[in-house]
Amino acid sequence: MATMTLLGGTDALIVDLRRNGGGDPNMITLLLSWLFAADDRVHVNDFYFRDANRTEQYFTMTTIPGERYVNKDVYVLTSHRTGSAAEEFSYDIKNLKRGTLVGETTAGAANPGSIIRIGPHFAAFVSNGRAVNPISKTNWEGVGVEPDISVPAEDALKTAHLAALAKLISIEQDPDRKAALEGTVQPVKDTPVEPLEMGGGPRPAKAPGK
């Protein structure tokens with residue numbers, strides 16, 4: 001809540017998932033809830049589990065602490081290391097048309113499962129279900145999530161920052177504020193791009209709640 005309250009005064013939001021290998025789908029629902037109005041109960045994703053032939057549905061929440069981050073642009077940075085739940089957040093943002101993805105196609109790890117021991121020295125990750133997006137009716141397994149603006153991962157932050165500035169400048173009506181925004185463009189362009197450390201790969205997707 002404190003983080004989203006702090007971000008409430010910003011003009012645009014950049015979410016960096018380039019090093020994020022996964023997490024919990026409930027956190028995705030919580031974060032997405034801040035990006036939609038309270039009266040929008042948005043259906044963001046489903047997980048189908050074949051063992052019990054059941055489907056778990058995920059919707060944004062109508063009650064959350066703090067103010068919502070609505071009517072402002074959102075940019076999500078991705079790389080080939082972006083995996084699992086981080087990919088779902090990216091996929092949801094894209095399909096719900098709530099933001100712009102900048103960077104590389106993600107890893108392609110969509111379906112939940114767990115590690116199964118198959119011998120004294122061997123184990124395998126076995127999927128026990130699949131993610132089903134309510135809009136696309138499919139998911140990103142094996143193919144990843146394609147960005148809206150395709151650039152190398154290390155260039156994604158600068159690209160998103162410049163895109164956000166260009167949008168804000170184009171709609172700003174106050175001359176002084178517009179000039180101030182225009183004055184930030186060249187310093188952003190001149191900022192050196194640092195190599196992006198990419199340690200490790202995406203974590204295997206786990207069944208929600210496990």
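The numbers here are math on the coordinates, done by the rules we state, and not lab data. Worth saying up front: this structure is predicted, and the values here are computed from it rather than measured. Glycine gets a Cβ as well: all are built from the backbone with ideal geometry, and neighbour counts include every protein chain shown.
Does the range 133-177 classify as rounded, prolate or oblate by the C-alpha gyration tensor (a ≥ b ≥ c root eigenvalues; a/c under 1.5 gives rounded; else a/b over b/c gives prolate, otherwise oblate)? Intermediate results must be reported in sequence, preceding the final value.
Values: a/c = 5.91, a/b = 2.00, b/c = 2.96.
Oblate is the answer for the range 133-177, as a/c is 1.5 or above yet b/c matches or exceeds a/b.
Quick one: work out the % antiparallel among DSSP beta bridges in the range 1-81, nearest 5.
Numbers: 6 of 11 bridges.
Percent antiparallel among DSSP bridges in the range 1-81 is about 55.
Only bridges with both residues in the chain count here: give the DSSP antiparallel percent, nearest 5.
Details: 16 of 28 bridges.
Beta bridges within the chain, antiparallel portion: roughly 55 percent.
Amide H to amide H under 5 Å from V76: which residues, 5+ apart in sequence or cross-chain, H placed 1.01 Å off N in plane?
Placed amide hydrogens put V15, T100, L101, V102 under 5 Å from V76.
Between V143 and T5, with labels modelled 7 Å along Cα→Cβ, what's the label distance in nm to one decimal, could you check?
4.3
Going highest first, how would you order 173-180, 35-42 by mean Cβ packing within 10 Å?
The densest-packed peptide leads the list: 35-42, 173-180.
With every atom except the alpha carbons ignored, what do you get for Rg and Dmax of the chain, in angstroms?
18.8, 70
Over what distance in Å are the Cα centres of the range 139-176 and the range 25-41 separated?
What the calculation gives is 21 Å, centre to centre.
Taking the mean number of other Cβ atoms within 10 Å as a proxy for protection, how do you rank 23-33, 104-114 from highest to lowest? Could you put the intermediate results ahead of the total?
Values: 23-33: 18.2, 104-114: 22.5.
The packing order, highest mean first, is 104-114, 23-33.
In nm, to one decimal, how far is the F122 label point from the R68 one, both placed 7 Å along Cα→Cβ?
If labels sit at F122 and R68, their model points lie 5.2 nm apart.
Using amide H atoms built in the peptide plane, which far-off residues or other-chain residues are under 5 Å from F36 H to H?
HN-HN under 5 Å from F36: Y69.
Mind checking the angle between helix 85-95 and the chain's longest principal axis? C-alpha axes, 0 to 90 degrees, to the nearest 10.
60
In debye, nearest 20, what is the charge dipole magnitude of the chain about its Cα centre with +1 on Lys and Arg Cβ and -1 on Asp and Glu Cβ, if you could check?
Values: 22 positive and 26 negative charges, 154 e Å.
So the magnitude is around 740 debye.
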